[in-house]
Amino acid sequence: MSEVDTTNVAEEKTPVIEPTSELPPTSTEVSVSNDEKYEFFKVIQDYLDQAAKVVDLPEHVRDMLAQPKNEIIVHFPVAMDNGKMKMFKGYRIQHNNLLGPYKGGLRFHRTASLDDFKALATMMTWKCALMQIPFGGAKGGVKVDVSKLSDAELMRITRRFTHALGNNIGPEYDIPAPDVGTNAQIMVWIMDTFMNQVDHTQKNAQRGVVTGKSLTCGGSQGREKATAQGVVHCITEWAKDNRFDLEGKTAIIQGFGNVGSFTALLLSRLGVSTIATGDHTGYMRTSEGFNAHKLADHVKKNGSIKGYVGGESISREEFFSTKADIFIPAAIENQIGEVEAQLLDVALIAEGANGPCNPAGERILAERGIPVIPDVLANSGGVTVSYYEWVQNLRSENWPLEKVDARLETKMKDAYRRVSFFAQEHGVSLRIAAYGLALEALKTAYAERGIFP
């Protein structure tokens, strides 16, 4: 009972019965720009155009990279706990696989949309090309409010979505991973469902169909903290370049999920205290700095920072105007517009989330001289360690944490150096430099391989 469209889809025309209970927009989820027509995918395309000019990208290559290869939309029924059937909409956007299998996360969120997934899939192509790992870009997920689901309903939705995707994913073709609203348990459900759809003699060869799994089911050491670890490596390299002693410095972090909490924890080990944070339930601040361990434990137990007694409640405006040394946006896209860019009083922004700065906000940050370590570089630690997990699965190996951490550190610092040098050489921002390096890799591959037939 599922319909799958694997052709390039210009727009969504098929009606779908949506889940009836949805949360109202929250402070960290709604667009901060007054422009209600904010188009994430167009923003990413504009960055592509800017970087394409810098590296003299052939027009036909630019045209191929401007749109995904495949836009898959599935509609599938799931039996809910109350005995009723409900229809859900799922997506898998496969942007480019020139350098390797499609790779990208699965987002389970009430605002999931085709436009956002196209933007995120495109960014994954740039990340993998920049990090020099043999993957292409993809993204996908389900339009659903996970906070309204029981564990049993979440499992059935996950398994039914996996079944609906069928052979549009696979360990040598398209490899999903966790993203907003998903975790290791959901990846394990996907793996198990996919393994049970193939011949029994091939089951264990499918273990690498997803990454970000639990350790007992084929996951990798260091994967859970990998994205945050990559952010911190970029911060330490920037600090080294700018003779910026991190000991005793302060940070504010928007979003305290996986990326935000691990970033706070890792920064605390470097002497950086997190003095303000926030999520969809509100914002908090403390002059003494939060205990990263205790706050992370509170969020794991309660699902948000709400109710934590270690800080005072503040407004969104007060959060963004809090004076600090480093700001890590680790929520979702389009959080820093013109207003927020004017309020920020920091020395550095390191993007733990994808697309947190909109173009208007970024222009103001540039005018104010506040550097931004872009998402394509800063948060690429996640896909890098996902690659290590995939390699371990293919080889039936289990690397120690020290090996994973050492390889990630080498990769991240090398990428930061290349981006920094490119930016200085061409007189562009770190964001356009990261895009430029990714496009150079793809440009070379297309030139060498040609276009079939």
Check your understanding: Just checking, which of 175, 190 is in contact (Cβ under 8 Å) with a residue 12 or more places away in the chain, buried (at least 21 other Cβ atoms within 10 Å of the Cβ), aliphatic (A, V, I, L, M) and not in a strand (DSSP E or B)?
Key -> 190
Check your understanding: If you scan the range 407-452, which residues turn out to be among the charged types (D, E, K, R) and surrounded by 12 or more Cβ atoms within 10 Å (Cβ to Cβ)?
Key -> 407, 409, 411, 413, 414, 417, 418, 431, 440, 443
Point to revise | Residue list for the range 325-362, restricted to those being part of a loop (DSSP other than H, G, I, E, B) and closer than 17 Å to residue 261 by Cβ | key: 330, 331, 332, 351, 352, 353, 356
Exercise for review: For the range 108-115, indicate whether the set of residues that are acidic (Asp, Glu), part of a helix (DSSP H, G or I) and crowded, with 18+ Cβ neighbours inside 10 Å is non-empty.
Suggested key: no
Check your understanding: What are the residue pairs meeting all of these: first residue in the range 281-310, first residue modelled with pLDDT under 90, second residue in a helix (DSSP H, G or I) and not acidic (Asp, Glu), Cβ atoms under 8 Å, and 6 or more apart or on different chains?
Key -> 303/147; 310/294; 310/295
Point to revise | Cβ-Cβ under 6 Å pairs, at least 6 apart or on other chains, the range 386-397 side under 18 Å from residue 227 (Cα atoms), far side of a type in the set (Val, Ile, Thr) | key: 386/211; 387/133; 388/404; 389/211; 390/211
**Study point:** Unique residue being aliphatic (A, V, I, L, M), under 30 Å from residue 143 (Cβ atoms) and surrounded by fewer than 21 Cβ atoms within 10 Å (Cβ to Cβ) when the list is 209, 198
**Key:** 198
Check your understanding: If you check residue 366 against the conditions, is it among the small types (Gly, Ala, Ser) and in contact with a strand residue (DSSP E or B) (Cβ under 6 Å, 6 or more places away or on another chain)?
Key -> no
Revision key, fill the gap. Note on the range 100-133: residues under 17 Å from residue 439 (Cβ atoms) and out of contact with any strand residue (DSSP E or B) (no Cβ under 9 Å at 6 or more places or on another chain) are 100, 130, 131, 132
Check your understanding: Restricting to the range 401-453, what's the tally of residues that are in contact (Cβ under 8 Å) with a residue 60 or more places away in the chain and not in a helix (DSSP H, G or I)?
Key -> 3
Review point. Mind checking which residues of the range 157-204 are under 22 Å from residue 95 (Cβ atoms) and over 22 Å from the mean Cα position of the chain (by Cα)?
Key: 164, 166, 167, 194
Exercise for review: Enumerate the pairs (first residue in the range 346-364 and more than 15 Å from residue 44 (Cα to Cα) and of a type in the set (A, V, I, L, M, F, W, C); second residue anywhere and in a loop (DSSP other than H, G, I, E, B) and at pLDDT 95 or above) with beta-carbon separation below 6 Å, excluding pairs fewer than 6 apart on the same chain, so at least 6 apart or on different chains.
Suggested key: 346/324; 347/325; 348/371
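The values are calculated or read from the model by the stated rules, or taken from the named source; none is laboratory data. Just so we're clear, the structure is a prediction, and the values are computed from it rather than from any experiment. Every residue, glycine as well, gets a Cβ built from its backbone with ideal geometry; the counts of neighbours run over all protein chains shown.
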